[in-house]
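Okay, so here's the structure we're looking at.
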Ligand SMILES: [Zn+2]
Ligand SMILES: [Zn+2]
Ligand SMILES: [Zn+2]
C-alpha cells in the first residue's frame, strides 16, 4: 500500500498570500518548500482513494475513472474546494464519502453533479476496492472523521486531520489496531492554548497516545515552517515532517 502526500499545508498554504516571513519567502523562491491544501492519495492494487479534495486542479490531475473514491475528513473549504470543478464533469458517478454534516460546503449537496455523496459513520467499517476504512471521530470545529485504512495484506495507515488531540475512543481504537503508520495534524508551532488544530506538542502527544510506529506531520502552516527554520527543533525519533510529494510505502503486516 502506497501513500502519497499531495498537499501538506494548512488553510492558506505556503507561501501564504501577502506574507514575507522566512518560510514564505523560501517557498516563493523554491517551490519544493511550497505546501498545497492537505490531501493524500492511497493506492493498493487497482484501488486509488483520494483523501480530501482541497487541491484546485483535481479535474486535471485525475482522468475520469482513475479514482475509486474520494474520502473526505470534513467540509471545510481547504478540504473540498476541488470538488466544485469536478461535479459538472461527465462520466460515471464518483463516490464521495464524508462525515454526516447537515451543511456540507456551499451548495455541494444541493447540486452534486456526478459526485455521489455517501455518509461515513464513526467506527462503521466500509470498503473501497481493496481497502477497508474505519472512520474515527476527531476534535475540530466541524464534524470531522479521520480514517484507519487497512490494505489487503494488513498494511495499516491512519489519516488524522483536522484535529486538536484525539477523542479517547479514537485513541483506544488505534492503540489496539496493531502496527501502523499515521499522518497527523500539526498546524501550529508550540502555543499556550492551541484551538481546533494540533500544535507541535499536541501532535507529538497524539503519536504517543496511539502508539503509532511512525508518524508524518501534515497540515503544516507557514508559522510552523518559520518556527522550524528559526528553532531547528528535533522531532521524536519516529516523527517526520511530510512535504508535498512525500511518498511512503506501508509495509505488509508482520513484515
Ligand atoms: Zn484544514
Ligand atoms: Zn509566512
Ligand atoms: Zn478544518
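Things worth noting here:
- GNM on the chain, alpha-carbon springs under 10 angstrom: the most fluctuating residue among 200, 227, 216 is 227.
- Compared with the alpha-carbon gap, the fully stretched path from residue 243 to residue 22 is longer by 77.9 nm at 0.36 nm per residue.
- Length released on extending from residue 106 to residue 229, taking residue separation times 0.36 nm less the Cα-Cα span: 40.6 nm
- Calculated P(r) of the chain - Cα pairs past 34 Å, %: 12 percent
- Share, in percent, of DSSP beta bridges within region 2-244 that are antiparallel, nearest 5: 50 percent
- Of the beta bridges in region 42-97, as assigned by DSSP with both residues counted there, near 40 percent are antiparallel.
- With a Förster radius of 30 Å applied to the beta-carbon distance between residue 196 and residue 66, the computed FRET efficiency rounds to 0.40.
- Residue 209-residue 153 FRET efficiency (beta carbon distance; Förster radius 35 Å; 0.05 resolution): 0.85
- Spin-label pair residue 32/residue 45, simplified geometry with 7 Å Cα→Cβ offset, distance in nm: 3.7 nm
- If you run the Gaussian network model on the chain, springs between alpha carbon atoms under 10 Å, then out of 161, 73, 210 the most flexible one is 210.
- Here region 188-255 yields Rg over Rh of 0.99, to two decimals, using C-alpha coordinates and the Kirkwood radius.
- Counting 0.36 nm for each residue step from residue 4 to residue 114 and taking away their Cα separation leaves a gain of 37.1 nm.
Each reported figure results from applying straightforward, stated rules to the coordinates on display, with no laboratory input. Remember, predicted model here, so these are calculated numbers, not experimental data. Backbone-built Cβ (ideal geometry, glycine too); neighbour counts: all protein chains shown.
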